[in-house]
Amino acid sequence: MMTSQKRILVIGSGGREHALVWKLSQSPRVSKIYCAPGNSGTATLATNVEIKANALESLKDFALAKQIDFTVVGPDDPLAAGIVDLFRLNGLRIFGPTAHAARLESSKSFAKDFMMRHGIPCAQSRVFSDSKEARSYCDSATYPLVVKADGLALGKGVMIVEDARRARDAIYKLMDERILGSAGSTVVLEEFLEGTECSMHALIDGDSILVFPDAKDHKRIFDGDLGPNTGGMGAVSPCPALDDTLRQQVRTEILERFLKGLRADGIHFNGMFFPGLMLTANGPKVLEFNCRFGDPETQALLRRLKSDLLDLLEACEQGCLASIKPAWDERAAVSLVLASGGYPGNYQKGKEITGIDRASKIDDVVIFHAGTTYEGGRLATNGGRVLSVTAMGAQISDAIEAAYQAADCIQFENQQRRNDLAERCTTRW
Ligand code: AMP
Ligand code: GLY
């Protein structure tokens, strides 16, 4: 084992970043962690720094001034804006893809073109950058239809519409009213896929793929997969709907074709990659590419990782993933999001949070903070997704029971949560 002590910077402020800080803080090779900007949870394990995740120059100056040895980026926007390129240009080591490679997430039309050219199974689609043309296509489209903004939109860029009138309306909002700004200047109109969603995280160093255990996110705000999409309301790992045959199919038809496609297109991808997948009657199909750790999947996945996370991330960044074999906890993990009233629309802030101490005492429960802040000595809500309650169990049902037992201890006004994690999957238990 290498002995030199590392100074780490984690960028972001959500539950994912608290989980990354929590796991990195367990490494014997880490001497100091900074988190920019962080939250009340990261503050207990790291020094929070008041620099926003998209303030690239300030982050670079900070990393140089503090002699940061290794930076880990949580959210997608700094990656798309070129934080990896900027840090490397300044001799700083950083985990994640360059802006060029991150386009596979930041432009859905770019990703779609990549999938089609490299035989990666996905929904049929058409791309439009002219609003009138997109709206006239609605007359001949099949419904439901999926209308997607091309660019990054914090999980708000996808609308599933039932008829041509609603499709035209969604297109008008994205392309003419620009409700999501330039993210909606191009749209992807896509076939609606039915099935169970899941995701498979994998580290990619350009040559090798290191596949993590699978997970299932819950995107919709309400039970029964109803209501608008969110950033993710909860995750379970493993995904109950996957068996070994399907896992192998995802590996060969999606991950390996992705790697081959990268090589063919001359894209050097280094970092975390996870396709959002729909398990359809015709096999697994890709909904989107993500070029970073998922939130709330990471909170569940890192509970299952027994090995040193820094070893994995450094091996990836140095291009020697093939030499690493992490150990995973065989038990299942759950991460349940507690969200503010109003989320994913305009949400309320400043609501006092109570009961975390009691919840944390339950066996195998760890609570990660997302949108929280200390206000006048009390913990209060400060974001859409407030907390991720994680738990482990021999079976998913055991982990779920512990997570809900812990969540029941935590109170804040107008709290929202899903009460049906994993229920809508084809179950193995
Ligand atoms: P995306 O950002 O593309 O992953 O889309 C967000 C969510 O919208 C996904 O997690 C799915 O729940 C849903 N979605 C996206 N594309 C499709 C599709 N082609 N068919 C059905 N649902 C979709
Ligand atoms: N949970 C899905 C995502 O991070 O995009």
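The values are calculated or read from the model by the stated rules, or taken from the named source; none is laboratory data. Fair warning: this is a prediction, and the values are worked out from it, not measured in the lab. Methodologically, a virtual Cβ is constructed for each residue, glycine included, from the backbone with ideal geometry; neighbour enumeration extends over all protein chains shown. These area figures cover heavy atoms from the full protein model, side chains too; ligands, DNA and RNA do not enter into them. Shrake-Rupley method; radii C 1.70, N 1.55, O 1.52, S 1.80 Å.
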**OP:** Counting other Cβ atoms within 10 Å, keep those with at most 11, restrict to DSSP loop, and tell me which GluC sites (Glu not before Pro) in region 337-418 are left.
**Re:** none
**OP:** Please sort by residue number the GluC sites (Glu not before Pro) in region 83-170 whose DSSP state is loop and whose Cβ has at most 16 other Cβ atoms within 10 Å.
**Re:** GLU162
**OP:** Find which of GLY342, LEU379, ASN290 sits farthest along the positive direction of the dipole of region 276-390, computed with +1 on the beta-carbon of Lys and Arg, -1 on that of Asp and Glu, about the Cα centre.
**Re:** GLY342
Subject >> Computed Kirkwood radius, in angstrom, where 1/r is averaged over Cα pairs of region 1-68 >> reply: 12.0
**OP:** Excluding residues on the same chain fewer than 8 positions from LYS66, give the aspartates and glutamates whose Cα lies under 18 Å from its Cα.
**Re:** GLU50, GLU57
Original post:
Here are some pairs, LYS6/LYS306; LYS148/LYS285; LYS216/LYS351; which of them have Cα atoms lying more than 22 Å apart in this structure?
Top reply: LYS216/LYS351
Subject >> Extension gain from ASN414 to SER323, taking 0.36 nm per residue of separation minus the Cα-Cα distance >> reply: 27.9 nm
Original post:
Which aspartates and glutamates, on any chain, are close to LYS173 with Cα under 14 Å apart, when same-chain ones fewer than 8 places away are left out?
Top reply: ASP130, ASP150
**OP:** Loop only per DSSP, at most 13 neighbouring Cβ atoms within 10 Å: give me the GluC sites (Glu not before Pro) in region 290-335, ordered by residue number.
**Re:** GLU330
Original post:
With each label point set 7 Å from Cα along the Cα-Cβ vector, what nm distance links ARG126 and SER4?
Top reply: 5.6
Subject >> Surface accessible to a 1.4 Å probe, per residue, for the residues of the chain, Å² >> reply: 40
Original post:
What Kirkwood radius, in Å to one decimal, follows from the Cα pairs of region 225-264?
Top reply: 12.7
Original post:
Along the three principal axes, how long is the chain when you take its alpha carbons, biggest first, rounded to the nearest angstrom?
Top reply: 60, 48, 43
Subject >> Ellipticity estimate at 222 nm from DSSP helix runs (n ≥ 4, -39,500 (n - 2.57)) divided over the chain, nearest 500 >> reply: -7500 deg cm²/dmol
**OP:** State which stretch of the chain is the longest one without any exposed trypsin sites (Lys or Arg not before Pro), exposure meaning a DSSP loop state and at most 11 other Cβ atoms within 10 Å.
**Re:** 1-305
**OP:** Over region 285-396, calculate the relative contact order: mean separation of alpha carbon pairs under 8 Å at least 6 apart, over the residue count, as a percent.
**Re:** 30
Subject >> Size-normalised alpha-carbon gyration radius of region 110-180, reference 2.2 N^0.38 Å >> reply: 1.11
**OP:** Evaluate region 273-327: find the radius of gyration of its Cα atoms, find its Kirkwood radius, and give the ratio Rg to Rh.
**Re:** 1.06
**OP:** Using a cut-off of 14 Å between beta-carbons, work out the net charge of the residues near GLY181 (Lys and Arg +1, Asp and Glu -1, GLY181 not included).
**Re:** -1
Original post:
Straight-line reach from LYS361: which aspartates and glutamates have a Cα under 16 Å away, not including same-chain ones fewer than 8 places off?
Top reply: GLU401, ASP408
Subject >> Ratio of Rg to Rh over region 28-105 (Cα coordinates, Kirkwood Rh, two decimals) >> reply: 0.96
